[in-house]
Amino acid sequence: HVTGFLLVDKTLGEIGLIDEVLEMPQQEMAFLKYHKREVLVPLNEHLIVEIDLKNKKVMMDLPEGLLE
């Protein structure tokens, strides 16, 4: 699991630390705070660029507008 990892978007940069990974019927969702708001980010294999276990980072390519 990637709880406690830093979620980084290739366009926006650092998003925040993943507080929790929620198991949803369709896929896992990362629960975290971004700009003082709680957001859910789909941990979808098509969006994940790389998982850096050593540095505890999840590199993602998020669709534009997902965090707005």
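The values are calculated or read from the model by the stated rules, or taken from the named source; none is laboratory data. Bear in mind the structure is a predicted one, so any value in this text is a computation, not a measurement. Cβ coordinates were reconstructed from backbone atoms using ideal geometry, including for glycine residues, and neighbour counts include every protein chain displayed. Just so you know, the surface numbers come from the protein's heavy atoms only, side chains and all, with ligands and any DNA or RNA stripped out. Shrake-Rupley method; radii C 1.70, N 1.55, O 1.52, S 1.80 Å.
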Work out the charge dipole of the chain with +1 on the Cβ of Lys and Arg and -1 on the Cβ of Asp and Glu about the Cα centre, then indicate which of MET60, GLY4, VAL49 is farthest towards its positive end. GLY4
What number, in percent, do you get for the relative contact order of the chain if the mean sequence gap of Cα pairs under 8 Å and at least 6 apart is divided by its residue count? 30
So how compact is the chain: Cα radius of gyration and Dmax in angstrom? 10.8, 30
In the range 9-64, which GluC sites (Glu not before Pro) fall in coil by DSSP and have 10 or fewer other Cβ atoms within 10 Å? GLU45, GLU64
Compute a Gaussian network model of the chain, connecting alpha carbons closer than 10 Å, and tell me which residue from LEU43, LEU22, LEU12 fluctuates the most. LEU12
When the accessible area of the chain is split by element with a 1.4 Å probe, what percent falls to carbon and sulfur? 50
To the nearest 20 debye, what is the magnitude of the charge dipole of the chain about its Cα centre, counting +1 on the Cβ of each Lys and Arg and -1 on the Cβ of each Asp and Glu? 260
Just to confirm, what accessible area per residue do you get for the chain at 1.4 Å probe, in whole Å²? 70
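Nearest 0.05, what FRET efficiency do GLU50 and GLU23 give at R0 = 25 Å with Cβ-Cβ as r?
It comes to 0.65.
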